[in-house]
Amino acid sequence: MEDLWRQACVNLERNVGQNNFNHWIKPLRLSTLEAGIAYFESPTRFISDWVNRHFADKITAELNGLGYEVDRLRFAVVPAQGAARAARSAAAAQVSGQTGAAQPVARAAAPSTTRLAPKPDLGAPLDPRFTFSNFVVGKPNELAHAAARRVAEGGPVGFNPLFLYGGVGLGKTHLMHAIAHDYQTRHPNSQVLYLSAEQFMYRFVQALRESTIMDFKGMFRNVNMLMVDDVQFIAGKDSTQEEFFHTFNALVDQGKQIVISADRAPAEIKGLEERIKSRLSCGLIVDLHPTTYELRLGILQSKTESFRRQQPDLEIGDGVLEFLAHRISTNVRVLEGALQRLFAHASLLRREITLEVAQDCLADILRTNDRKISIDDIQRKVAEHYNIRLSDMMGPKRARNVARPRQIAMYLSKQLTSRSLPEIGRRFGGRDHTTIMHGVRKIEELVADDHALAEDVTMLKRLLEA
Ligand SMILES: Nc1ncnc2c1ncn2[C@@H]1O[C@H](COP(=O)(O)OP(=O)(O)OP(=O)(O)O)[C@@H](O)[C@H]1O
C-alpha cells in the first residue's frame, strides 16, 4: 500500500499543487483497498472532510490510473499517529527545507503526550488557477496588483499589513492566492498560511473546545506570512477578535508579513474593535475598484485564450466579447460564469458562438444586468444635462454651477444603485463618505422646496431608469 500511495502521490502533487498537497494529501495514509473503496487514515476529521469534498475525484482517478478499481474513499481518523506525523513532517520541513516532496509516510508509534496541533488543519487550500499570470491588470486594480507583487517578493516588509478591499468578485481572493503562490516559489522553505476569517474563528473555537489553544497560538505565530480573507466576518465576535488582535500583533512584532482582505475599508467595518481597525490601518490599504469596460474585455480575452488552448476549434463570432463586456458589468465572477456557459454551449453543440447565440444562451444573466444603473451612467447623464464636464464630477471645483449637479449625481447614485456611501465617495474623486452624505441630504432638502430642481431630479431619474 505504501508503494502504491507513494506512486499516486507523485502525480497528485503535480495535479493539485504543492501547497494543497502538503496541507491535505500528504498527512493521509492509504491503509487498504477493498471492493472499490480506498481506506485512508487521516489525522483529523477536518482533513478527511476537506479531502473528500475537494480532492476525492482526483485521488480516485489517480488510483484507477495505476490499475486499481476505486470509486469511493473512506477515512478513519487516527489522531495520535496523525499528530506525530505532522510533528515529524513539520520538523523535517524545518530541518531540511523540504516542503513539497511526496514522502512515504512512516508509521512510528507516537508518544501519547504529543499535543502539537497538526499543521494541515489550519490553512485553506490555494486555487492553482489564481496566479499573477492569470490576473488581468487594468486601471481599477493596478495599485492593488502592484502592492500584491511587492509583498510577494518578500524581503524587508514595506507595508504591514497589506489590506485589500473591494466589492464582490473583483479579485481579492485571486490576488491573495497569487501572493501566496509567488512567495512560496521564491521562498520554498517558508510557511505561508492562508485562511478565511471564518476558518480562523472555526479553528479557534475548536482549539478552545479541545484545550489545544497553546498549539493554535504556536502554529499561527510560526508562519512567515499570514493571509486572512474576508476579515469583516469577525466583526461582532468578541473573543475571536481578541485572539486575532494578539496573533496580528505577535506577527507584526516579529516582522512577519500579514495580508488581509475585506469587502470594505477597516474604518467602515461595523462591529470591529477600534484597536483592530487602527492596527489594520497601519499598513497599506488598497481597494479594487469596480471594473471598467476595458478591464472586463481584457479578462474575457484572456479567459477565451486559455480555453482555446484546451479546445482549439472554439469559434467566437465578432463582437461577442465586446458585447459581454458592455452588458455584464456587475462583477468578474458573473462575467466568468457567462463565458463558461457559452463555452459549454459551444462544445456541446459544436457551433460557433455568434451574437445571437450569446444573447439567447445568456438571456437570464443579461436581464439581471439590464436592471443595473451604474454610477458612471448617472455621472454622465447629469453632466450632460447641466452642461458641465464629466471630469468635474470627480474634480475639486466648489462653484455652485458644478457643485450642485455633482450633489445631484451623488443623490441619484445613492437612490438608484446599491453602492455604499464610501464606494460612491471613491467614484466621485475619492471623496469621504461624509461628503457624500452631506450631498445626499442637501438634495433631499432642496427637492422638498425647489420645484425646478425637483423636476430636474425626477426627469433624470426617469431617463436613467428607461
Ligand atoms: N483581474 C482579474 N483577472 C482575471 N480574473 C479575475 C480578475 N478579477 C477577478 N477575477 C476572477 O473573478 C473571480 C472572482 O474573484 P475573487 O474570488 O478573487 O473575488 P473576491 O474579490 O475575493 O470576491 P468575494 O468578496 O466574493 O470573495 C475569480 O474566478 C477570479 O479569478
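Yes/no per residue for (1) at pLDDT below 85; (2) assigned to a helix (DSSP H, G or I); (3) of a type in the set (Asp, Glu):
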| residue | (1), (2), (3) |
| --- | --- |
| Asp57 | no, yes, yes |
| Ala93 | yes, yes, no |
| Ala101 | yes, no, no |
| Pro140 | no, yes, no |
| Ala147 | no, yes, no |
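Open to solvent by less than 20 Å² (accessible area, probe 1.4 Å) and within 14 Å of the ligand (Cβ to nearest atom): is that true of Ala346 in this structure?
Spelling it out, it is not the case that Ala346 is open to solvent by less than 20 Å² (accessible area, probe 1.4 Å) and within 14 Å of the ligand (Cβ to nearest atom).
What pairs can you find where one residue is in segment 151-173 and more than 7 Å from the ligand (Cβ to nearest atom), the other is polar (S, T, N, Q) and open to solvent by less than 10 Å² (accessible area, probe 1.4 Å), and their Cβ atoms are less than 6 Å apart, with a gap of 6+ or different chains?
From segment 151-173, the pairs are Leu164/Ser261.
Hey, Val457 hits all of (1) over 35 Å from the mean Cα position of the chain (by Cα); (2) surrounded by fewer than 17 Cβ atoms within 10 Å (Cβ to Cβ) but one; which does it fall short on?
(2)
Say whether the condition of being surrounded by fewer than 20 Cβ atoms within 10 Å (Cβ to Cβ) and more than 12 Å from the ligand (Cβ to nearest atom) is met by at least one residue in segment 225-232.
No, segment 225-232 contains no residue that is surrounded by fewer than 20 Cβ atoms within 10 Å (Cβ to Cβ) and more than 12 Å from the ligand (Cβ to nearest atom).
If Arg380 satisfies every condition in (1) within 30 Å of Arg341 (Cα to Cα); (2) surrounded by fewer than 19 Cβ atoms within 10 Å (Cβ to Cβ); (3) of a type outside the set (Gly, Ala, Ser) but one, which is the exception?
(1)
Going by what's in this entry, would Ala409 be described as surrounded by fewer than 13 Cβ atoms within 10 Å (Cβ to Cβ) and without any contact (Cβ under 8 Å) to a residue 60 or more places away in the chain?
Taking the combined requirement at face value, the residue does not satisfy it.
I'd like to verify a number: residues in segment 187-224 that are surrounded by fewer than 21 Cβ atoms within 10 Å (Cβ to Cβ), within 16 Å of the ligand (Cβ to nearest atom) and within 21 Å of Gln254 (Cα to Cα), how many?
Of the residues in segment 187-224, 1 are surrounded by fewer than 21 Cβ atoms within 10 Å (Cβ to Cβ), within 16 Å of the ligand (Cβ to nearest atom) and within 21 Å of Gln254 (Cα to Cα).
Taking Gln184 as the residue in question, decide whether it is buried (at least 19 other Cβ atoms within 10 Å of the Cβ), among the polar types (S, T, N, Q), part of a helix (DSSP H, G or I) and modelled with pLDDT under 95.
yes
One line per residue, one yes/no per condition, for (1) under 13 Å from the mean Cα position of the chain (by Cα); (2) of a type in the set (A, V, I, L, M, F, W, C); (3) on the phi > 0 side of the Ramachandran plot:
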site	(1), (2), (3)
Phe135	yes, yes, no
Gly138	no, no, no
Ala146	no, yes, no
Val168	yes, yes, no
Ile179	yes, yes, no
Glu210	no, no, no
Met214	no, yes, no
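Go through segment 187-280 and tell me which strands (runs of 3 or more DSSP E), entirely inside it, have 3 or more residues that are in contact with a Pro (Cβ under 9 Å, 6 or more places away or on another chain).
Answer list for segment 187-280: 257-262.
How about segment 381-418: which of its residues are basic (Lys, Arg) and modelled with pLDDT of 95 or more?
Arg404, Arg406
Quick one: in segment 128-150, which of the residues that are among the polar types (S, T, N, Q) and open to solvent by 60 Å² or more (accessible area, probe 1.4 Å) is nearest to the ligand (Cβ to nearest atom)?
So the residue we want is Asn134.
So, Asp263, is that one open to solvent by 50 Å² or more (accessible area, probe 1.4 Å) and either within 12 Å of the ligand (Cβ to nearest atom) or out of contact with any helix residue (DSSP H, G or I) (no Cβ under 9 Å at 6 or more places or on another chain) (or both) or not?
Taking the combined requirement at face value, the residue satisfies it.
Please work out if Asp360 is among the charged types (D, E, K, R) and exposed (fewer than 13 other Cβ atoms within 10 Å of the Cβ).
Yes; evaluated as a whole, the condition is true for this residue.
Scanning segment 301-333 for residues that are more than 16 Å from the ligand (Cβ to nearest atom) and of a type in the set (A, V, I, L, M), which turns out modelled with the lowest pLDDT?
Taking the candidates together, the pick is Leu314.
If a residue must be of a type in the set (D, E, K, R) and more than 27 Å from the chain's Cα centre (by Cα), how many such residues does segment 333-362 contain?
Qualifying residue count for the region: 5.
Which count do you get for residues in segment 313-343 that are open to solvent by less than 20 Å² (accessible area, probe 1.4 Å) and of a type in the set (Phe, Trp, Tyr)?
So the answer is 1.
The values are calculated or read from the model by the stated rules, or taken from the named source; none is laboratory data. This one's a predicted model, so the numbers in the text were calculated from it and none came from an experiment. Every residue, glycine as well, gets a Cβ built from its backbone with ideal geometry; the counts of neighbours run over all protein chains shown. Remember, those area values only see protein heavy atoms, side chains included, never the ligands or the DNA or RNA. Shrake-Rupley method; radii C 1.70, N 1.55, O 1.52, S 1.80 Å.
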